[in-house]
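Take a look at the structure below.
The values are calculated or read from the model by the stated rules, or taken from the named source; none is laboratory data. Only a predicted model underlies this, so the values are computations on that prediction, with no experimental measurement involved. Note: ideal-geometry Cβ built from the backbone for every residue, glycine included; neighbour counts use all protein chains shown. For the accessible areas, the whole protein counts, side chains as well, though only heavy atoms, and no ligand, DNA or RNA atoms are used. Shrake-Rupley method; radii C 1.70, N 1.55, O 1.52, S 1.80 Å.
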Amino acid sequence: MNNLIVIHGALGSARQLDELCQAYEEYYDVFSFDLSGHGGLPIDEKFSIELFTKDLQRFIAANDLEGADVFGYSMGGYIALNHARLYPGKLGRIITLGTKFHWNPSESEKEIRRLNADLIEQKLPKFASALEERHAPEDWKKHLEYTAQLMHDMG
């Protein structure tokens with residue numbers, strides 16, 4: 001059976017994709033993991049595509065998954081494609097869903113405006129609670145700040 005690595009998106013965690021992983025267990029040996037600073041992992045450094053690509057490479061090496069197919073949701077797809085660019089031949093097929101490819105300063109600013117913690121708490125309290133739970137014990141607001149900086153850098 002082939003291996004499949006599932007990578008979550010920017011505000012996400014591996015747990016969010018548990019149902020997807022379970023659905024594919026009939027066809028693949030499925031693996032998922034949390035990127036640095038996600039899913040309760042400590043936020044030790046600035047978020048970057050480079051950091052997350054290294055996370056993927058470390059996961060592949062630690063689990064002997066060279067040649068695995070990858071499903072990347074949103075930013076997870078971007079990371080998988082960046083990994084393929086930096087480490088040619090280390091991955092199998094790459095499937096992306098909801099991955100944004102067009103980044104420039106105006107697109108970045110548009111995305112960053114959506115990451116206002118105060119507005120999220122006021123207008124989307126259930127989403128704020130979900131983010132708090134998803135990234136505990138880390139501060140979800142710090143997570144938003146780091147994600148905003150990542151998006152700024154991508155633009």
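The residues listed here are GLU138, GLU111; of these, the one that is assigned to a helix (DSSP H, G or I), modelled with pLDDT under 95 and out of contact with any strand residue (DSSP E or B) (no Cβ under 7 Å at 6 or more places or on another chain) is GLU111. Considering GLY92, GLY98, the condition of being modelled with pLDDT of 95 or more and surrounded by 14 or more Cβ atoms within 10 Å (Cβ to Cβ) is satisfied by GLY92 alone.
Screening the stretch 1-92 for strands (runs of 3 or more DSSP E) wholly inside it with 3 or more residues that are in contact (Cβ under 8 Å) with a residue 24 or more places away in the chain and of a type in the set (A, V, I, L, M, F, W, C) returns the ranges 2-7. Which one is farthest from LEU20 (Cα to Cα) among residues in the stretch 49-75 that are of a type in the set (Asp, Glu) and open to solvent by less than 70 Å² (accessible area, probe 1.4 Å)? Ranking the candidates gives ASP55 first. Filtering the stretch 96-155 to residues that are closer than 22 Å to ARG15 by Cβ, among the small types (Gly, Ala, Ser) and free of Cβ contacts under 8 Å to residues at least 60 places away in the same chain leaves ALA117, ALA128, SER129, ALA130. Scanning the stretch 115-126 for residues that are more than 17 Å from LYS142 (Cβ to Cβ) and not in a helix (DSSP H, G or I) yields one hit, LEU124. Looking at PHE31, PHE52, can you tell me which residue is within 19 Å of MET151 (Cα to Cα), in contact with a Phe, Trp or Tyr (Cβ under 9 Å, 6 or more places away or on another chain) and of a type in the set (A, V, I, L, M, F, W, C)? Matching residue, one of PHE31, PHE52: PHE52. When we screen ASP55, ASP139, ASP118 for residues that are under 26 Å from ILE5 (Cβ atoms) and of a type outside the set (A, V, I, L, M), the only hit is ASP55. Exactly one residue out of ALA10, ALA84 is more than 27 Å from GLU132 (Cβ to Cβ), among the small types (Gly, Ala, Ser) and either at pLDDT 95 or above or over 13 Å from the mean Cα position of the chain (by Cα) (or both), and it is ALA84.
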